[in-house]
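Student: Here it is, the structure in full.
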Amino acid sequence: MKRTLSLCIVATLVLLATLLSQATVSAQAIFLTVNSPKDNVQNGCDVTHCTLREAILRSNQTVGSKETIQFNINVVNNFLYCNTTSKVCTILLTSALPAITDPVSIDGYTQPDASPNTRAVGIDAQLRIVLHGQSLNIDGLVVQDTDTQIKGLALVHFRKAIVLKADHARVTGNFIGMLPDGELVGANYTGVSVSNGSDNDTGLSLSCHFERFCEKSRWAKRDFSLRSK
Ligand SMILES: [Ca+2]
């Protein structure tokens, strides 16, 4: 009887340990690292080759598991897409990206040499990733599931740079219609379009429409209204 009780206790402890370990795994952030500025699909997103397109496809495939898409593009090795002086890399889209259908965090500030804004007035954010629509009349990032974050990207030459069709999106620290150096040469027809969903915060990105009007600038309205002239 005593032995049976001991076995039961051991089995329970093993079960608890297993459950706890699974909970730990599911709580861990899962990273997909974009290491190529190209816009192709090879073997999926792995350590040797991962484009933003591949990362979004992978994120969508892992339904219910929220990944963070980060960037680690070697500027020198990708000099055709990256400026070795400014360290800015440009992803030239050849067609529309897949819509985001599973929650994801896309963080352009993870690219080396990039950093988010630290100033209460003005901007010292350093953006190093440009998402370029090449004026193909395509939208940039289309969000169709809740709790998605997009930050640290410059989005230029799109029909709509970001389209929100789901709740609880956070679009922060992006230059929308503006290059990382603040030049307004990359206007989109529309910056951020909220076509559905609620509790979406787009207030901390700078959005410039095709008529060169910057809006939603909590960072530096004055600086950017001056630059937009
Ligand atoms: Ca996923």
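Each value in this text was obtained by applying a stated rule to the coordinates, not by laboratory testing. Source: prediction; values computed, not measured. Heads up, the Cβs are rebuilt from the backbone with ideal geometry, glycines too, and the neighbour counts pull from every protein chain shown.
Student: Under a Cβ-only charge scheme (Lys and Arg +1, Asp and Glu -1), can you give me the dipole magnitude of segment 28-141 about the Cα centre, in debye to the nearest 20?
Tutor: Result for segment 28-141 is approximately 140 debye, rounded to the nearest 20.
Student: If you don't mind, there's one more thing I want to ask. Mind ordering 167-177, 126-136, 188-198 by average Cβ neighbours within 10 Å, highest first?
Tutor: Output ranking for 167-177, 126-136, 188-198: 167-177, 126-136, 188-198.
Student: A further question follows. Taking the Cβ of Gly140 as the center, what net charge do the other residues with Cβ under 11 Å away carry, scoring Lys and Arg +1 and Asp and Glu -1?
Tutor: +1
Student: Also, quick follow-up: May I ask for the net charge around Leu52, where only other residues with Cβ less than 10 Å from the Cβ of Leu52 are counted and Lys, Arg are +1 while Asp, Glu are -1?
Tutor: 0
Student: Filter Lys38/Lys165; Lys87/Lys160; Lys87/Lys151; Lys66/Lys165 down to the pairs with a C-alpha to C-alpha distance above 20 Å, please.
Tutor: Lys38/Lys165; Lys87/Lys160
Student: Which net charge results when you count Lys and Arg as +1 and Asp and Glu as -1 among the other residues whose beta-carbon is under 13 Å from that of Ser115?
Tutor: Charge balance near Ser115 sits at +1.
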